[in-house]
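Read through the structure below, which is laid out as structure tokens, and then see the notes.
The values are calculated or read from the model by the stated rules, or taken from the named source; none is laboratory data. Keep in mind the model is a prediction, meaning the values are calculated, not measured. So basically every Cβ, Gly included, is an ideal-geometry build from the backbone, and we count neighbours across all protein chains shown. Heavy atoms of the whole protein, side chains included, go into the accessibility calculation; ligands, DNA and RNA do not. Shrake-Rupley method; radii C 1.70, N 1.55, O 1.52, S 1.80 Å.
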Amino acid sequence: METATPQIQTIVSMPFDENSYVLSLPGQSECLVIDPGFDPQQIESVIAENQLLPVAILCTHGHADHIAGNGYLKDRWPSCPLVIGKGDASKLSDPEGNLSAGYGFNLVSPLADQTVKDGDLLELAGLKLRVRETPGHSCGHVVFVIEGCQPPIVLGGDVLFAGSIGRTDFPDGSFDDLKKSIHEKLFTLPDETVVLSGHGPSTTVGEEKRSNPFVGIECA
């Protein structure tokens, strides 16, 4: 059964130009918050302006620019569960692991209410989201594939960008792992699949298969 295409609000957080997302189905009040960055007040404003209620905070991975708003949003909506991949859950409370210490500050997020692994299915805000583990940028990175909508949508974090890929020079990063993740977990999706990236504009699986200079099919 096909699901309506969700409405997508993008909030760009400085200083890393990180994309946070608020997703909701048309006519419904429940929403999801994806990767809340350093501007949680703007996320709160988007939620209020659209008369929405967050029912989950989903983090693709545990780096500081993708978790900085967790504490603010959990204070505002204490019962809203915080969800992250099992392999990156420890980064939430570890400034070294989430890389904030390296930038001169110690960021600590609330702990996860739920951890997920490859193949898990989440049913939230009227959407079905399939978890795919995509290590490489971080060891516990996951993406969330929204099933049933057309075109399909991937909440992709820092795996695949328009014409680029996530960094692999962090302590638990690996280019080989990232390339494998992209080829096996993203490039196996339909070409029309929209990838909502953690930085920069959205792209599609087909476009990146054809032209991505790092992991496109000509580089396989």
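Assorted remarks:
- The residues of region 175-192 that are over 19 Å from CYS139 (Cβ atoms) and open to solvent by less than 50 Å² (accessible area, probe 1.4 Å), listed by number, are PHE187, LEU189.
- Within region 65-89, being more than 14 Å from LEU124 (Cα to Cα) and either open to solvent by less than 10 Å² (accessible area, probe 1.4 Å) or among the acidic types (Asp, Glu) (or both) holds for ASP65, HIS66, ILE67, GLY69, ASN70, LEU73, ASP75, ILE84, GLY85, ASP88.
- Enumeration of residues in region 193-220 that are under 27 Å from SER13 (Cα atoms) and either open to solvent by 30 Å² or more (accessible area, probe 1.4 Å) or modelled with pLDDT under 95 (or both): VAL194, HIS199, GLY200, PRO201, SER202, THR204, GLU207, PRO213, PHE214
- Summed over region 156-170, the residues that are small (Gly, Ala, Ser) and open to solvent by less than 10 Å² (accessible area, probe 1.4 Å) give a count of 3.
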